[in-house]
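Written below as structure tokens is the structure these notes are about.
The values are calculated or read from the model by the stated rules, or taken from the named source; none is laboratory data. Note that the structure is a prediction, hence the values are computed from the model and not measured. Every residue, glycine among them, receives a Cβ derived from its backbone with ideal geometry; neighbour counts consider all protein chains shown.
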Amino acid sequence: MSMLKVENLHATVDGKKILKGLTLEVPAGEVHAIMGPNGAGKSTLSYVLTGRAGYEVTGGTATLDGEDLLALAPNERAARGVFLSFQYPLEIPGVPALTFIRTALNAQRRARGEDEIAAPAFLKLAREKAAALKIDFEMLKRALNVGFSGGEKKRMEILQMAMLSPRFLILDETDSGLDIDALRIVSEGVNALRSPDRAMLVITHYQRLLDYIKPDRVHVLAGGRIVASGGPELALELEAGGYERYEKAAA
């Protein structure tokens, strides 16, 4: 059974149709990549799945483990294990990164009926995960993402993923603005989260991210729907030939 199942999904933003009958399945244990031209609806899909305001679903369904995802509030989706890594992570002045992550983790645990994590256990876990991502622990005492470089912000997102241990991860152009070293560290962090009971959706323009995060399946999103699917070789074909023929097919 697929962990994520999207069927004939239609969505509008500011009255404009963006998703036009998108169908997608991602089984547990798999990493799927979505590639496509600008304006195809890649980020819209990630926002619809996570429940961002202003993205109106006008038709179709999306389920996580058989549960209607679209009926849940954003915080309920997060508690079920849905996580979105942003293209441009937000800065939150005045809130230390450690405080932010611990608050999020405990809110999710409470929503699932679990005990909150005690401070010593939380700090031990945070130190361990930060070291693996080459994050200076002192950085975690600073306001979240304030004054961080692009690479530091992305590493901080991957740290949040490692701490929250979500079941379904959506990475929205996580590679944008990263140099090769940061890309490798971020990718290693993502790969460390691969497991048989977790699935990932990697949204990207470029093959280079997929050299590091090897997908099981690649989907082409054009004109608001999935127009082709294949193995990792499809990403290489897109790199060589571009999206033009898929855009024509979608038109």
Among residues of segment 195-210, those that are among the hydroxyl-bearing types (Ser, Thr, Tyr) and either part of a strand (DSSP E or B) or in contact with a Leu (Cβ under 6 Å, 6 or more places away or on another chain) (or both), counted: 0
Selection count where residues are under 17 Å from Glu30 (Cα atoms) and hydrophobic (A, V, I, L, M, F, W, C), scope segment 162-188: 4
Positions within segment 28-83 being in a loop (DSSP other than H, G, I, E, B), among the hydrophobic types (A, V, I, L, M, F, W, C) and surrounded by 15 or more Cβ atoms within 10 Å (Cβ to Cβ), in sequence order: Ala28, Ala40, Leu72
Residue tally, condition closer than 21 Å to Tyr47 by Cα and not in a helix (DSSP H, G or I), over segment 146-172: 8
Selection count, segment 215-233, where residues are modelled with pLDDT under 95 and either more than 24 Å from His10 (Cβ to Cβ) or surrounded by fewer than 16 Cβ atoms within 10 Å (Cβ to Cβ) (or both): 2
Residues (surrounded by 15 or more Cβ atoms within 10 Å (Cβ to Cβ) and more than 14 Å from Met156 (Cβ to Cβ)) located in segment 117-138: Ile117, Phe122, Leu123, Leu125
Cross-chain or 6+ apart pairs with Cβ under 6 Å, segment 224-251 first and part of a loop (DSSP other than H, G, I, E, B), then at pLDDT 90 or above: Gly224/Ile18; Gly224/Leu19; Gly224/Lys20; Gly224/Gly41; Pro232/Pro215
Selection count where residues are small (Gly, Ala, Ser), within 22 Å of Lys16 (Cβ to Cβ) and under 19 Å from the mean Cα position of the chain (by Cα), scope segment 55-76: 1
The lone exception for Gly151 - which of (1) in contact with an Asp or Glu (Cβ under 7 Å, 6 or more places away or on another chain); (2) on the phi > 0 side of the Ramachandran plot it fails: (2)
Residues located in segment 154-181, provided they are surrounded by fewer than 21 Cβ atoms within 10 Å (Cβ to Cβ) and among the basic types (Lys, Arg): Arg167
Tally of residues being at pLDDT 95 or above and surrounded by 18 or more Cβ atoms within 10 Å (Cβ to Cβ) across segment 183-201: 4
